[in-house]
Amino acid sequence: MTTPDLPLVSSSGGCGDGCACGAGEEDAYLECGLDPALAQLLADAGLDPVEVEDIANVALQEDLAHGVDVTTVATIPEDAVATADFTAREAGTVAGLRVAEAVMSIVCTEEFEVERHVEDGDRVEAGQVLLSVTTRTRDILTAERSALNLLCRLSGIATATRAWADALEGTRAKVRDTRKTTPGLRSLEKFAVRCGGGANHRMSLSDAALVKDNHVVAAGGVAQAFRAVRERFPDVPIEVEVDTLHQLREVLDAGADLILLDNFTPGECEEAVALVDGRAALEASGRLTLAGAKAYADTGVDYLAVGALTHSSPILDIGLDLRAAE
């Protein structure tokens, strides 16, 4: 996925109050505060450039608290220019490079140049330079932490997902995320899962249904809950969680085509796969560890649901270093 170094000159600042970008025009996001080329790259990656810009602005406002970076302003001349390298401190899979660029672009008050050495989804080694930025030194240092917070977080998720994807290699199973995401960062964290070779579950409560135990209790049974959703929302994909093989038979007979096996052992998953015999897709959930991933995948299930990808993955250590003056 690596591409040649590509310079990018970006305008400064984000959208002002009352911005209506994204309203009514297919390419309206290109009119936002982000550089159009960067906005297009984000869109091509399946991210909403307007949302990315909003997240970047929130991160920066939190860091600046409507003030200035007092340390940087005091120590760096206003007209100083530098080149800084985003460098991996450890091996992993990178995600969020264009998001980091968006943060930098909002802070930069002058034109700046970006050199892209790797792409999101690439495996990187410790010491490898990922991204280089040349612009005002003050702007680089002011944006540093906000950019790194997002880049390190997303790369950590991608790295953890890659470990699961590697463990499942050679099987039919794919690792999938859940809705256990950081509030406000769901689209970015699910993007990081994709960068790591995983698959996304539903993005929200509205684009797909997942009938869980509380729905079953409220509806009076697992088959009743499934039928109620199918009748009310006939075009929405439905996944049904079951705790026993008996419930599995019920929802299978009711017509479910995606069934979540909650806290099944590998042996019970094998029984479920044999019982279903291709009539529905199966997802294993609960009691899953990276060490036991292959055992579940070998049963023939289609997916492994791993909430830990987004709620518990450690960051990937990435730093930003100013180049020494020549």
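The values are calculated or read from the model by the stated rules, or taken from the named source; none is laboratory data. Here the structure is a predicted model, which means the values were calculated and not measured. Cβ: placed from backbone, ideal geometry, glycine included. Neighbour counts: every protein chain shown.
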Out of curiosity, is T181 buried (at least 20 other Cβ atoms within 10 Å of the Cβ), touching a residue at least 60 places away in the same chain (Cβ under 8 Å) and either under 19 Å from I315 (Cβ atoms) or among the charged types (D, E, K, R) (or both)? yes
Please pick out the residue among D317, D298 that is of a type in the set (D, E, K, R), in contact with a Cys (Cβ under 8 Å, 6 or more places away or on another chain) and either in contact (Cβ under 8 Å) with a residue 24 or more places away in the chain or in the same structural domain as C152 (by TED's automatic domain parsing) (or both). D317
Here are some residues: G300, G319. Which one is outside any strand (DSSP E or B) and either surrounded by fewer than 16 Cβ atoms within 10 Å (Cβ to Cβ) or at pLDDT 95 or above (or both)? G300
Residue set R89, R116; condition touching a strand residue (DSSP E or B) at 6+ places or on another chain (Cβ under 9 Å), outside the structural domain of R179 (by TED's automatic domain parsing) and under 30 Å from T178 (Cβ atoms); output residue R89
Against the condition loosely packed, with under 13 Cβ neighbours inside 10 Å, part of a helix (DSSP H, G or I), at pLDDT 95 or above and among the acidic types (D, E), how does E268 come out, does it pass? no
Kindly state which helices (runs of 4 or more DSSP H) lie completely within segment 165-257 and contain at least 1 residues that are more than 21 Å from A272 (Cα to Cα) and at pLDDT 95 or above. 186-195, 213-219, 222-232
Does G278 satisfy being in a loop (DSSP other than H, G, I, E, B), buried (at least 16 other Cβ atoms within 10 Å of the Cβ) and at positive phi? no
Read through the list (1) among the aliphatic types (A, V, I, L, M); (2) at pLDDT 95 or above; (3) touching a Lys or Arg at 6+ places or on another chain (Cβ under 7 Å); (4) within 26 Å of V124 (Cβ to Cβ), then give the number of the only condition that I55 fails. (3)
Which one of E115, E90, E110, E101 is surrounded by fewer than 24 Cβ atoms within 10 Å (Cβ to Cβ), acidic (D, E), out of contact with any Asp or Glu (no Cβ under 6 Å at 6 or more places or on another chain) and touching a residue at least 12 places away in the same chain (Cβ under 8 Å)? E110
Can you tell me which residue within segment 118-129, out of those that are among the charged types (D, E, K, R) and within 14 Å of D317 (Cα to Cα), is surrounded by the fewest Cβ atoms within 10 Å (Cβ to Cβ)? E125
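From the list A147, A158, exactly one residue is of a type in the set (A, V, I, L, M, F, W, C) and farther than 17 Å from A59 by Cβ. Which is it? Even if it seems obvious, please write down each step before you answer.
Working: A147 fails: farther than 17 Å from A59 by Cβ.
After applying the criteria, what remains is A158.
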Looking only at segment 153-168, count how many residues are under 10 Å from the mean Cα position of the chain (by Cα) and among the hydrophobic types (A, V, I, L, M, F, W, C). 3
When residues of segment 188-226 are filtered for being in contact with a helix residue (DSSP H, G or I) (Cβ under 6 Å, 6 or more places away or on another chain), surrounded by fewer than 18 Cβ atoms within 10 Å (Cβ to Cβ) and either of a type in the set (D, E, K, R) or under 26 Å from A165 (Cβ atoms) (or both), how many remain? 1
Just the residues that are of a type in the set (D, E, K, R) and surrounded by 19 or more Cβ atoms within 10 Å (Cβ to Cβ), please, taken from segment 137-178. R138, D139, E144, R153, R162, R176, D177
